[in-house]
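Just so it is clear, none of the values below were taken in a lab; they were calculated from the coordinates. On a predicted model such as this, the values are computed, not experimentally measured, just so you know. Note that we place each Cβ from the backbone using ideal geometry, even for glycine, and neighbour counts take in every protein chain shown.
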Amino acid sequence: MSNTLATRGRISLTRYLIERERSADGQAPLPPALRLLIEVVARACKQIAYEVGKGALGGVLGEAGTGNVQGEAQKKLDVIANEMLLEANEWGGHLAAMASEEMATVFPIPEHYPRGEYLLLFDPLDGSSNIDVNVSIGTIFSVLRCADGVAPGEDAFLQTGDQQVAAGYAVYGPQTQLVLTVGQGVAVFTLDRETHSWILTDDHVQIPADTQEFAINMSNRRHWDAPVTRYIDELLAGKTGPLAKDFNMRWVAAMVSDVHRILTRGGIFMYPRDAREPEKPGKLRLLYEANPMSFIVEQAGGAATDGRTRILDLEPTKLHQRVAVFLGSKNEVQRVSGYHR
Ligand code: AHG
Ligand code: MN
Ligand code: MN
């Protein structure tokens, strides 16, 4: 096949989304404003990918010298990625407000720009501790609707994950990829670095229900609750234990990368609550980490719980609320959730 033909047969992100505006198989059609919003987010992720790729040559590595509202030291790329997402999205006319891991409270759309009906949440740079060591990192985003007549303050963002109209992440690894759901399954786009476009490379992604691979930061074992210790000990016991099969372990320390592996070949990812900070229900944030990832995982046939409750059913009370996370291959998520009951 000639290059021209190969290019003509390719499905871009725009074409994929426009096909979803036409509504097939009884699915609700994707509103054009939501398509345009997703395209702007995807464009910002492309810009972030180029910044990430500059590394030491672009002076983007290292600490920013500032802290975020959660008491975490910000890396330069946390700040750069946050700025890029804000700048790309503030004037597009599709949003009422934005919220981010890196901002204490919500960012309303400035008065002089048109306002839209959506709310955008993001973790601009996920896996910050990987930046300076050149290991995969990502961006996570979630889109909610701002109900008519509701002021786009913090309260407007406190919706259950079930209300998300779109969610996705970009992974900046050996390949840059964009993973997206608009509630009609999960699609994967790969950034073509020659044409600078997102090209569909996988559609209808499915996570196998069973797995022999798990992801958890084992160094926290002594701080876990009993059900988690029991479950991990059973995994480690392998063939000779109650699960009667050997398990492999992976931990990238960037949720985006760990979830991406699980979408690709199955697995279970866990970041449980632990006794280091007993007042916090976990490390990961519900609204811009757990909810979008859980939406994607469920759309790919997997499951996501906080140990007891389906993550997408949790009623948030705070913008930066934390949550325990167990997600991935359905049968393993069900098993460890069962141990919590
Ligand atoms: P962020 O860089 O946005 O703060 O998120 C990092 C998160 C998550 O991506 C990852 O799974 C986890 O923190 C890693 O935590 P440990 O360093 O405790 O392993
Ligand atoms: Mn993160
Ligand atoms: Mn982050």
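Under a cut-off of 21 Å between alpha-carbon atoms, report the lysines in cross-link reach of Lys46, not counting same-chain residues fewer than 8 places apart.
Answer for Lys46, where 21 Å is the Cα cut-off: Lys54, Lys75, Lys76, listed by chain and number.
Tell me which lysines have Cα within less than 25 Å of Lys245's Cα, excluding those fewer than 8 residues away on the same chain?
Cα-Cα hits under 25 Å: Lys330.
Given only helices, namely DSSP H runs of n ≥ 4 each adding -39500 (n - 2.57), what is the per-residue ellipticity at 222 nm of the chain, to the nearest 500 deg cm²/dmol?
-8500 deg cm²/dmol
Can you tell me what percent of all Cα-Cα pairs in the chain are more than 24 Å apart?
Distances greater than 24 Å cover 55 percent of the Cα pairs.
Could you give each residue of segment 132-140 its phi-based ³J(HN,Hα) in whole Hz, using Karplus coefficients 6.51, -1.76, 1.60 with θ = phi - 60°, and x for Gly or Pro?
The phi angles translate into 6, 9, 6, 10, 3, 9, x, 10, 10 Hz.
For the chain, find the longest principal axis of its Cα atoms and tell me its angle to the long axis of helix 32-54, 0 to 90°, nearest 10.
With both axes taken from Cα atoms, the answer is about 70 degrees.
Taking +1 at the Cβ of each Lys and Arg and -1 at the Cβ of each Asp and Glu, which of Gln27, Thr201, Val106 sits farthest along the dipole of the chain towards its positive end, judged by Cα position relative to the Cα centre?
Going by the Cα projections, it comes out as Thr201.
Among Phe141, Phe107, Phe122, which one shows the highest mean-square fluctuation when the chain is modelled as a Gaussian network with alpha-carbon springs under 10 Å?
Top of the fluctuation ranking is Phe107.
Which ³J(HN,Hα) values, rounded to whole Hz and listed in residue order, are derived for segment 184-191 from phi using the Karplus coefficients 6.51, -1.76 and 1.60 in 6.51 cos²θ - 1.76 cosθ + 1.60 with θ = phi - 60°, glycine and proline given as x?
Going residue by residue, I get 10, x, 10, 10, 10, 10, 10, 6 Hz, with x marking Gly and Pro.
Based only on other Cβ atoms within 10 Å, what is the fewest-to-most ordering of His204, His320?
Ordered from fewest to most neighbouring Cβ atoms within 10 Å, His204, His320 come out as His204, His320.
Indicate the gyration tensor shape class of segment 52-95 (rounded, prolate or oblate), computed on the Cα atoms with a ≥ b ≥ c the square roots of the eigenvalues: a/c under 1.5 is rounded; otherwise a/b larger than b/c is prolate and the rest oblate.
oblate
Roughly what angle does helix 76-89 make with the longest principal axis of the chain, taking Cα atoms, 0 to 90 degrees, to the nearest 10?
The angle comes out at about 50 degrees.
Cut-off is 10 Å between beta-carbons; in what order do Trp91, Trp224 appear when sorted fewest neighbours first?
Lowest count first: Trp91, Trp224.
If N is the number of residues in segment 233-315, what value comes out of its Cα radius of gyration divided by 2.2 N^0.38 Å?
Working: Rg = 14.0 Å, N = 83, 2.2 N^0.38 = 11.8 Å.
Working it through for segment 233-315, the quotient is 1.19.
Among Lys54, Lys76, rank each residue by its count of other Cβ atoms within 10 Å, from fewest to most, as a rough exposure measure.
Exposure proxy ranking, most exposed first: Lys54, Lys76.
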